[in-house]
Amino acid sequence: MSNSIASEEVLLLDGGIATELQRAGLSVQSPWWATRALLTEANRRILQSVHEAYLAAGARVITANTFRANLRTLRGTRLDDAGRAWMVHAAIGVADAARREARVPDAWIAGSIGHVEDCYRPDAVPPDDELRAEHGWLVRELSRAGVELFLIETMNTIREARIALEQVLTAGGRAWVSFVCAEDGMLLSGEPLTGAVHAVQRDGAEAVLVNCTSPTGTEVAMRALCRGRAGLIGAYPNIEDRTGLPPYEHVDRALPAALGPDEFAELVFRWRADYGLDIIGGCCGTSPAHLAAANRLLSGSISGRR
C-alpha cells in the first residue's frame, strides 16, 4: 500500500477488537481489559485470528491491541517496567503475525493510543504533564515495535487529543486522530467537533475521524467533519444494541449488533457518497461479517483492491 490515500479512494479500517475477543469467550474487564488476550499463547492465537478475519474481510489497516496497553492501566496489573513494555511489543507482534499469515503484506498496522483514564469521562482527563508522560511512554514503545501508523482514538477532549498527537509527531510518527461524540455530534466534553478538527489538523494529524459513537451521532458529526476538513476524514461507528443499559456502562459480554452486516454496509456506503469519507471501519459491535459486507459495496474504490 502506498503511503497516501488519493481523493477517489476509500480505505477500509478494521472493526471491533474487544467485541470479537468477547465473542470468543475472553473476559474484557479490569484490570487487564483487552490486554488479557496477550497473556497466554492460546489467547494470542485468538487475537491473531481476529486480525486475520478482518484482513480477510478487506481491512487494509488493522489496529494492534494496545488501546488499554497504557501505563495507567498496566500499572494496575502490577507488571514491572519490562513487563509493561513487553505487552506493547507483543500486541504489535501478534498483528504482524496475522498480516504475514493472511498474506496481506501491504496492510498497515496501526498502534492504538486510547485515553489515559476513561474514554467516556472527560472530567477525568489528567493534567497535561501526566498526559505527556504517559502518552509519551506508549508512543516510544510503539515506535520501538515498528508500527507504521498511530491511531489516537476515542478522544473525548481536544486537550488530550492534542497532547497525544504532540507526542507522536515529536517521535517522528504519522497519526490519525479520532474523537468520540454524543448524539448531538459534540465531543463528550461539550466541545464542538469542528474546533477539534481544526486543532488537530493544524497540529499535523493526517486524518480526523469519529469513532465509538452511535450511527445517529456519527451522522450528525459527519456534517461537522465536512465543514472542518482540510485533509482526510473517516468514521467507525459503535453499532452495539445497548437497549436497557445505562449510557456508557461497561458489560463483560458481547452485545448484539443493532445493525446487520447488510444494513451496516448500506449505511457506510451512503456516508461515503454523502460526506466523501476517505476512511471507513467499525467500532464496538462490528464484526468481520459487517466489514466484509461493506467491502463488497465499496470494493470498486477500496485502496488495495484495484
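For this structure, a couple of remarks:
- Averaged over its residues, the stretch 45-155 has an accessible area of 38 Å² per residue, based on protein heavy atoms and a 1.4 Å probe.
- Spin-label pair Thr40/Ala273, simplified geometry with 7 Å Cα→Cβ offset, distance in nm: 4.8
- Relative contact order of the stretch 174-306: 22 percent, from C-alpha pairs under 8 Å at least 6 residues apart in sequence.
- Ala24 paired with Asp241, simple spin-label distance in nm, labels 7 Å along Cα-to-beta-carbon: 2.5
- Residue with peak Gaussian network fluctuation, the chain [Cα springs, cutoff 10 Å], from Leu232, Leu138, Leu267: Leu267
- Structural descriptor for the stretch 88-217: relative contact order 23 percent, calculated from alpha carbon pairs under 8 angstrom and at least 6 residues apart.
- Where the Cα pairs of the stretch 134-219 fall when distances are cut into 10 Å bins, in %: 19, 49, 25, 6
- Cα gyration tensor category, rounded, prolate or oblate, for the stretch 195-306 with a/c compared to 1.5: oblate
- Annotation: the antiparallel percentage among DSSP beta bridges lying fully within the stretch 126-219 is about 10.
- Just the protein heavy atoms count here, and of the accessible area of the chain at 1.4 Å, carbon and sulfur take up 49 percent.
- Candidates per GluC sites (Glu not before Pro) in the stretch 199-306, loop by DSSP, up to 16 other Cβ within 10 Å: Glu249
- Taking the Cα atoms of the chain, the ratio Rg/Rh between the radius of gyration and the Kirkwood radius comes to 0.92.
- Value of relative contact order over the chain, rounded to a whole percent, pairs C-alpha under 8 Å and six or more apart: 21
- Expected 222 nm ellipticity per residue - DSSP helices of 4 or more, -39500 (n - 2.57), all of the chain, to 500: -14000 deg cm²/dmol
- Converting phi to 3J(HN,Hα) with the Karplus coefficients 6.51, -1.76 and 1.60 and the offset θ = phi - 60°, the stretch 232-248 yields 6, 10, x, 8, 9, x, 8, 10, 5, 8, 9, 4, x, 9, x, x, 6 Hz in sequence order, with x at every glycine or proline.
- Among beta bridges from DSSP that stay inside the chain, the antiparallel ones total about 5%.
The values are calculated or read from the model by the stated rules, or taken from the named source; none is laboratory data. Bear in mind that the values here come from a model prediction, so they are computed numbers and not experimental data. Reconstructed Cβ throughout: ideal geometry from the backbone, glycine too, with neighbour counts over all protein chains shown. Side chains included, ligands, DNA and RNA excluded: accessible areas come from the protein's heavy atoms. Shrake-Rupley method; radii C 1.70, N 1.55, O 1.52, S 1.80 Å.
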